[in-house]
Amino acid sequence: MQVPFYGHVQQYHNIKSEIDDNLKEVLESGQYVMGPMLKRFERELADYHGMKYAIGVGNGTDALWLSFMALGIGPGDECITTANTFFATAEAMWIAGATAVFVDSDARTNCIDPAAIEAAITPKTKALVPVHLYGQCADMKAIRKIADKHGLLVIEDNAQAFGAAGDGFKIGELSDSVCTSFIIQKNLGTFGDGGAVVTNNQQVDRVVRRLRNHGSEKRSCHSYGFNSRLDDIHAGILSAKLRHIDEWNDVRRERAARYTAGLAGAKSITLPYEVPGYRHIFHLYVIETQKGEHRDPLLNFLNQSGIDAKCHYPIAIHQQEGYPWGKQARIAGPILNSERNAACCISLPMFPELTDQEVDYVVEKVREWESRTE
Ligand SMILES: *Cc1c(COP(=O)(O)O)cnc(C)c1O
């Protein structure tokens, strides 16, 4: 059996008429950039979050650094985050001229460890940037408390957790800005690149709106800015998909539960941990081998069995050779959990079109590997 990692084409076929209708509407309108479809999608996106503002931008990385700029985060400022994330979290800090400070992640959730944040705060600390890794919210209540105590900004990297929620808090409720990516592989993905900033902060809304469009609020009038817009074509695709995101996330949760039931008791691996009361939307279903040296053998065995398992992320940011160390980044304290996560992680196939039979086949193969290595 072949088990793919994504089901993009299948997803398109499942809601083809809805996507095609929106595309036709945009194409027939003649307004493809900053047009009515973008406006409509921005309204739907803000409403989905129960927030005031949503601004479509070119991608998730831009959503992050445009938020940093709008909040006045720049050279000399430190932003605290984790090293076990996609590279763009830190890259956005680098683009804004700020310094990335990496603290450890929680051993079970792999999201930022609030206790490690406290210890890393200096007079230069300006913002906390939690990543809702793999589809589960970081501990935003604890993060908000620390931010209030020290007068810090909070920017949520929500590229991986669209539609997730915490225990008694929603995404966006406890932060200054929520940054989302719509690249195809995210839970809400377009057929290409896209991103958005969602916020209740009027200044963030106003400045990001201006920055994404050449610093222009009024036709022909410009301050400094950039070009980072979400095209109406993508807004149309996303508007059609947004209607289905909760149902797709529910299916992901069901498939995750099936993996977890099937793999329960496996001694050679650790299964994903869902914090009680949280809604984890399983952007990725990540298991960890007990030891780093077991990861590649298991991954290779799965790949050879026709299963397109992957790693997110095998090289933590501080382990990247190309990272600009020195002025623009430092590590605060040991980050052993993040390093273990990088060494041991395997992402099993996870997408809403995944079938029960495919899940069962993956479970069978992991079990087979375990019985062989015992
Ligand atoms: C995907 C992702 C981004 C960046 O999104 P792009 O749209 O690719 O720029 C940022 N942070 C995290 C955690 C991501 O997974």
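The values are calculated or read from the model by the stated rules, or taken from the named source; none is laboratory data. The structure displayed is predicted, hence computed values, not measured ones. Counting neighbours? That spans all protein chains shown, and the Cβs are built from the backbone with ideal geometry, glycine included. Keep in mind that these areas ignore ligands, DNA and RNA; they rest on the heavy atoms of the full protein, side chains included. Shrake-Rupley method; radii C 1.70, N 1.55, O 1.52, S 1.80 Å.
Arg206 - would you say it is assigned by TED's automatic domain parsing to the domain that holds Glu28, basic (Lys, Arg), part of a helix (DSSP H, G or I) and open to solvent by 10 Å² or more (accessible area, probe 1.4 Å)? Lay out the reasoning, then the answer.
Values: assigned by TED's automatic domain parsing to the domain that holds Glu28: yes; basic (Lys, Arg): yes; part of a helix (DSSP H, G or I): yes; open to solvent by 10 Å² or more (accessible area, probe 1.4 Å): yes.
So Arg206 fits the description; yes.
Looking at the stretch 35-59, which of the residues that are assigned to a loop (DSSP other than H, G, I, E, B) and buried (at least 16 other Cβ atoms within 10 Å of the Cβ) is nearest to the ligand (Cβ to nearest atom)?
Just the residues of the stretch 35-59 that are assigned to a loop (DSSP other than H, G, I, E, B), to begin with: 35, 50-52, 58-59.
Right, trim to buried (at least 16 other Cβ atoms within 10 Å of the Cβ) and you get 35, 51, 58-59.
Working: Gly35: 21, Met51: 19, Gly58: 8, Asn59: 4 Å.
Within the stretch 35-59, the match that is nearest to the ligand (Cβ to nearest atom) is Asn59.
Consider the stretch 246-269. How many of its residues are crowded, with 17+ Cβ neighbours inside 10 Å and hydroxyl-bearing (Ser, Thr, Tyr)?
Final tally of qualifying residues: 2.
Can you tell me how many residues in the stretch 227-245 are open to solvent by 70 Å² or more (accessible area, probe 1.4 Å) and either assigned to a loop (DSSP other than H, G, I, E, B) or charged (D, E, K, R) (or both)? Outline the logic, then answer.
From the stretch 227-245, those open to solvent by 70 Å² or more (accessible area, probe 1.4 Å) are 227, 243; that's our starting set.
Then keep just the ones that are either assigned to a loop (DSSP other than H, G, I, E, B) or charged (D, E, K, R) (or both); that gives 243.
Result for the stretch 227-245: 1.
Scan the stretch 66-80 and tell me whether some residue there is touching a Ser or Thr at 6+ places or on another chain (Cβ under 9 Å), more than 30 Å from Lys327 (Cβ to Cβ) and either within 16 Å of the ligand (Cβ to nearest atom) or modelled with pLDDT of 95 or more (or both).
First, the residues of the stretch 66-80 that are touching a Ser or Thr at 6+ places or on another chain (Cβ under 9 Å): 66-68, 70-71, 73, 75-80.
Keeping just the survivors that are more than 30 Å from Lys327 (Cβ to Cβ) gives none.
No, the conditions are met nowhere in the stretch 66-80.
Just to be sure I understand, how many residues within the stretch 60-88 are buried (at least 20 other Cβ atoms within 10 Å of the Cβ) and assigned to a loop (DSSP other than H, G, I, E, B)?
Taking the stretch 60-88 as the starting set, the residues that turn out to be buried (at least 20 other Cβ atoms within 10 Å of the Cβ) are 60-71, 73, 78-85, 88.
Then drop every residue that is not assigned to a loop (DSSP other than H, G, I, E, B), which leaves 71, 73, 83-85.
The number of residues fulfilling the criteria is 5.
Based on this model, can you work out whether Ile184 counts as farther than 30 Å from Ile237 by Cβ and either more than 11 Å from the ligand (Cβ to nearest atom) or of a type in the set (A, V, I, L, M, F, W, C) (or both)?
Values: farther than 30 Å from Ile237 by Cβ: no; either more than 11 Å from the ligand (Cβ to nearest atom) or of a type in the set (A, V, I, L, M, F, W, C) (or both): yes.
The answer is no for Ile184.
Would you mind telling me which numbered condition in (1) away from the ligand (no atom under 16 Å from the Cβ); (2) touching a helix residue (DSSP H, G or I) at 6+ places or on another chain (Cβ under 9 Å); (3) modelled with pLDDT of 95 or more Gly192 fails?
Against the list (1) away from the ligand (no atom under 16 Å from the Cβ); (2) touching a helix residue (DSSP H, G or I) at 6+ places or on another chain (Cβ under 9 Å); (3) modelled with pLDDT of 95 or more, Gly192 comes up short only on (1).
For the list (1) surrounded by fewer than 23 Cβ atoms within 10 Å (Cβ to Cβ); (2) free of Cβ contacts under 8 Å to residues at least 40 places away in the same chain; (3) among the small types (Gly, Ala, Ser); (4) within 16 Å of the ligand (Cβ to nearest atom), I need the number of the one condition that Ala115 fails.
(4)
Among the residues of the stretch 89-110, which ones are open to solvent by 10 Å² or more (accessible area, probe 1.4 Å), among the aliphatic types (A, V, I, L, M) and not in a helix (DSSP H, G or I)?
Ala107
Step by step: first the residues of the stretch 118-130, then only those that are open to solvent by 10 Å² or more (accessible area, probe 1.4 Å) and touching a residue at least 12 places away in the same chain (Cβ under 8 Å), then the one that is nearest to Glu156 (Cα to Cα). Which residue is that?
As a first pass, look at the stretch 118-130 and keep what is open to solvent by 10 Å² or more (accessible area, probe 1.4 Å): 118-119, 121-126.
Now restrict to residues that are touching a residue at least 12 places away in the same chain (Cβ under 8 Å): 118-119, 121-122, 124-126.
Details: Glu118: 18, Ala119: 20, Ile121: 18, Thr122: 20, Lys124: 19, Thr125: 16, Lys126: 14 Å.
Per the criteria, the residue is Lys126.
Taking the criterion of being touching a Cys at 6+ places or on another chain (Cβ under 8 Å) and outside any helix (DSSP H, G or I), would at least one residue in the stretch 327-342 satisfy it? Don't jump to the end; show me each part of the working.
Applying the first criterion (touching a Cys at 6+ places or on another chain (Cβ under 8 Å)) to the stretch 327-342 yields none.
Among the residues of the stretch 327-342, not one is touching a Cys at 6+ places or on another chain (Cβ under 8 Å) and outside any helix (DSSP H, G or I), which makes the answer no.
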